[in-house]
Amino acid sequence: MSGSRGLFPRWRAVFVALALAAGPTAAAERVSFAEIESAALGRRLPLAVVAPEPTRVGGRGAVLFFLHGRGRNHRSLLESPAARAALLAAPFFVVLPQGEDGWYIDSPARPADRYAAYLEEIVRWAERNLPAGGEAARRGIVGWSMGGYGAVRFAQAYPGRFGFVGSIIGLLDFPRAEDLPEGQNYRVPTARFTADPAVWETLNPLSAVTALAGSRLTLVLATRGFERTMNEHFVSKLGASGLSARVHWLDGGHEFPLVERAVPIVLADAAEFFAEAP
């Protein structure tokens, strides 16, 4: 496993500097909003798209789907000055869907809550409407907290579809029993995941790490997050399965300010990956 504790390579520092320099005029021109008519959910939901500067895209570009955390929405990163600047500096399209409280899964407890099928609709919408993606080398998915779980879980459901996969303080050994050390558990929303541990196992990213073979993985972990033990389990399972991830440790807990610090790191790793595409 490769890792870092806040020490950026020179190219990542340059990316962060560009992010801080992105101005409001660029935001007005390159941030747009749309609505998806979801057959899976039976209603319309909004999303945001951040386009790269036209001069930075030649031919078909890359696209990164960025999933929000629980209690947040598709505008949350855009409402953060630091995260918004980082998104505007990215040399690829970023799609920010509204995931509500759906955990980006087709709920076994609520058959009408087909959020994984809805996310598939978003991916197809992007393929039709953006000059980006088309192949795994130009397609990535990331998220934070609930969205980190959702990004990894969705990539596992579609092996080989996403060349880049990332998680920021995602819950990557979840749902699971609350038998971890004190302060390291999270109550399973049984109304969405059921109360059946056998069902939980099928939805736990730890159970399908090998489905990520062939994808470039980036994990941003919090030193004091309640999900730390879960994520350490996931990293260990990757290693035991012959897989690896680029791991960045940030000092802090499971909190939005840490997410804001992590966004430029994940975007820089994605930019590095997409730059390798033929």
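Residues of the range 38-96 that are of a type in the set (S, T, N, Q) and within 24 Å of Val152 (Cβ to Cβ): Ser38, Asn73, Ser76, Ser80. None of His254, His233 is assigned to a helix (DSSP H, G or I) and either at pLDDT 95 or above or farther than 16 Å from Ala208 by Cβ (or both) except His233. Looking at the range 116-221, the helices (runs of 4 or more DSSP H) lying wholly inside it that each contain 3 or more residues that are more than 21 Å from Ser244 (Cβ to Cβ) and not aliphatic (A, V, I, L, M) sit at 190-193, 197-203.
Is it the case that Ala245 is under 23 Å from Ala136 (Cα atoms) and of a type outside the set (Val, Ile, Thr)? Yes: the conditions hold for Ala245. Flag not set for Gly214, criterion: small (Gly, Ala, Ser) and touching an Asp or Glu at 6+ places or on another chain (Cβ under 9 Å).
Any idea which of Glu178, Glu201 is surrounded by fewer than 19 Cβ atoms within 10 Å (Cβ to Cβ), closer than 22 Å to Gly102 by Cα and touching a Ser or Thr at 6+ places or on another chain (Cβ under 7 Å)? Full working, then the answer.
Numbers: Glu178 fails: touching a Ser or Thr at 6+ places or on another chain (Cβ under 7 Å).
None of the others qualify; the one that does is Glu201.
Exactly one residue out of Thr210, Thr218 is in contact with a Phe, Trp or Tyr (Cβ under 8 Å, 6 or more places away or on another chain), β-branched (Val, Ile, Thr) and surrounded by 13 or more Cβ atoms within 10 Å (Cβ to Cβ), and it is Thr218. Exactly one residue out of Ala82, Ala116 is in contact with a helix residue (DSSP H, G or I) (Cβ under 7 Å, 6 or more places away or on another chain) and over 18 Å from Glu37 (Cα atoms), and it is Ala82.
Looking across the range 215-244, just one residue is small (Gly, Ala, Ser), touching a Gly at 6+ places or on another chain (Cβ under 9 Å) and in contact (Cβ under 8 Å) with a residue 60 or more places away in the chain, and that is Ser215.
Could you pull out every one of the helices (runs of 4 or more DSSP H) wholly within the range 1-112 that has 2 or more residues that are surrounded by 13 or more Cβ atoms within 10 Å (Cβ to Cβ) and either modelled with pLDDT under 95 or β-branched (Val, Ile, Thr) (or both)?
Working: elements: 10-21, 24-30, 81-89.
Result: 10-21, 24-30.
Note on the range 248-260: residues that are out of contact with any helix residue (DSSP H, G or I) (no Cβ under 8 Å at 6 or more places or on another chain) and crowded, with 18+ Cβ neighbours inside 10 Å total 2.
The values are calculated or read from the model by the stated rules, or taken from the named source; none is laboratory data. Note that the coordinates shown come from a computational prediction; the quantities given were computed from them, not determined experimentally. We place every Cβ from the backbone using ideal geometry, glycine too, and count neighbours over all the protein chains shown.
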